[in-house]
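Written below as structure tokens is the structure these notes are about.
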Amino acid sequence: MFDLIVKGGTLPDGTVADIGIRGGRIAAVESRLQADAGEVIDATGDLVSPPFVDPHFHMDATLSYGLPRVNASGTLLEGIGLWGELKEIMTLEGLKERALAYCDWAVSMGLLHIRTHVDTCDDRLLGVQAMIEVREAVKPYLDLQLVAFPQDGVFRDPTAWDNTVRALDMGVDVVGGIPHFERTMAEGARSVTALCELAAERGLPVDMHCDETDDPMSRHVETLAMEAQRLGLQGRVVGSHLTSMHSMDNYYVSKLLPLIAEAGLAAIPNPLINIVLQGRHDTYPKRRGMTRVKEMRAMGIPVAFGQDCVLDPWYSLGTADMLDVAFMGLHVAQMTHPDEMRACFGMVTEESAKVIGAEGYGLAPGCAASLVVLDAADPVDALRLRPARLAVVAKGKVVSRTPRADAALALPGRPGSVRRRRPLPGRA
């Protein structure tokens, strides 16, 4: 007897299987599961995937667009300045209300794992307190990791170091940083060393905003890789953004990528935000700031796509849909071969889960019973269509349902890719 059976779904690898769920865990994955269940979801012809994962987000800023004003230039630096203005007027309840609303959006999109950076350059640590409370509130259905992020620079801001340590003492999960925003390159490198040492002392992972700039001489990821090796942090360190690599000369990158691979670093580009914020000082040709995704993957470097922002000082759009992120990622990285597109789907599911160390993730027996049923035949169709999430299951419970779309978008020769449920108006 199972609590729930998801019947006849197509898994991302093409396997058709029934998934039996009991006690919040996947208990069986079989081709034809002969058993009773309290509830059955018919997923015949639908893609059944492990949940989406966002490895890089700013939940303390989300849904704040227009408060106290709009980013007129659209630049990263004006966004940071605007965030400083918003911090002066934000409240604990306002932070929590916006974050919880976003979590509802996320769940409806099948996004059940989020790593969010939380600003520690606020002596009140309101954002930290709010996100800790939100993490506990959503725990029954969404796993939230918190990164202590000194937005204004851990040395540039006079109280940021002490506040970052306080945030970790309060229970924040990961050590963050922003070396390219320190006053000098030397101070940036020193911040990488100090923050990695702090993480090593506490046995914590590192996830650092690194080289989010068009400046090809911003090379703090080099220091991050060396510190990961020196301190034995291999496999626990992430460089987020890495947009300067878009502008670096190829000879230097040919030395840098092996160093990153040897250090066991992972990379998190954020396609939507990187291409919007970078290149703002260029005329033409205009750089778009996407890091070297294909080259890093070819070196065996783990790469995961992040959302970064939704309706905040840096980005005026967004819906919490990680398929939008992967869709933009495959365009900007020019990953259009079917195998590459499937890899992009993995970069917002399995690969992202590995990068952030999501526990109990997957569709194998023993994993947490969290999954999403999509109105698509396979991962490529899912990227093409960004379809309805027909059902979202979180830790064994159905937490969201969406009606199936009526549009006829099947590919020639693949009638099961998306099925029309009723004729269009005026059509037989």
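The values are calculated or read from the model by the stated rules, or taken from the named source; none is laboratory data. Since the model is a prediction, treat every value here as computed from it, not as a measurement. All Cβ positions, glycine included, derive from the backbone under ideal geometry; neighbour counts span all protein chains shown.
Points to keep in mind about this one:
- Within the stretch 189-207, being surrounded by 22 or more Cβ atoms within 10 Å (Cβ to Cβ) and closer than 21 Å to LYS255 by Cα holds for one residue alone: VAL192.
- Residue satisfying all of: in the stretch 165-176; under 22 Å from the mean Cα position of the chain (by Cα) and farther than 14 Å from ARG236 by Cβ; surrounded by the fewest Cβ atoms within 10 Å (Cβ to Cβ) among these: GLY171
- Counting residues in the stretch 347-356 that are surrounded by fewer than 19 Cβ atoms within 10 Å (Cβ to Cβ), over 18 Å from ALA37 (Cβ atoms) and in contact (Cβ under 8 Å) with a residue 40 or more places away in the chain gives one or more.
- Restricted to the stretch 17-112, the set of strands (runs of 3 or more DSSP E) holding at least 1 residues that are at pLDDT 95 or above, in contact with an Asp or Glu (Cβ under 9 Å, 6 or more places away or on another chain) and over 23 Å from MET208 (Cα atoms) comprises 25-30, 37-42, 47-49.
- Tally, over the stretch 147-162, of residues that are under 20 Å from ILE356 (Cβ atoms) and in contact with a Pro (Cβ under 9 Å, 6 or more places away or on another chain): 1
- Criterion applied to VAL154, VAL134 was being at pLDDT 95 or above, part of a loop (DSSP other than H, G, I, E, B) and either under 20 Å from the mean Cα position of the chain (by Cα) or buried (at least 23 other Cβ atoms within 10 Å of the Cβ) (or both), and the one residue passing it is VAL154.
- If you go through the stretch 376-422 and pick out every residue that is modelled with pLDDT of 60 or more and either outside any loop (DSSP other than H, G, I, E, B) or aliphatic (A, V, I, L, M) (or both), you end up with 22.
- Some residue of the stretch 337-344 being at pLDDT 95 or above, in a loop (DSSP other than H, G, I, E, B) and under 24 Å from TRP105 (Cβ atoms): no
- Index of the failed condition, GLU136 passing every other in (1) under 21 Å from GLU97 (Cβ atoms); (2) in contact (Cβ under 8 Å) with a residue 24 or more places away in the chain: (2)
- For ILE80, the conditions (1) in contact with a helix residue (DSSP H, G or I) (Cβ under 6 Å, 6 or more places away or on another chain); (2) of a type in the set (Val, Ile, Thr); (3) surrounded by fewer than 21 Cβ atoms within 10 Å (Cβ to Cβ) all hold with the exception of (1).
- Matching residues, the stretch 290-332, being of a type in the set (A, V, I, L, M, F, W, C), part of a loop (DSSP other than H, G, I, E, B) and within 18 Å of HIS56 (Cα to Cα): MET290, ILE301, ALA304, PHE305, CYS309, VAL310, LEU311, TRP314, LEU317, ALA320
- Test: GLU295 is of a type in the set (Asp, Glu) and surrounded by fewer than 19 Cβ atoms within 10 Å (Cβ to Cβ): yes
- Some residue of the stretch 71-91 being out of contact with any Gly (no Cβ under 8 Å at 6 or more places or on another chain), outside the structural domain of ALA267 (by TED's automatic domain parsing) and acidic (Asp, Glu): no
- Residue in the stretch 58-73 that is within 29 Å of VAL355 (Cβ to Cβ), out of contact with any strand residue (DSSP E or B) (no Cβ under 8 Å at 6 or more places or on another chain), without any contact (Cβ under 8 Å) to a residue 40 or more places away in the chain and not charged (D, E, K, R) present: no
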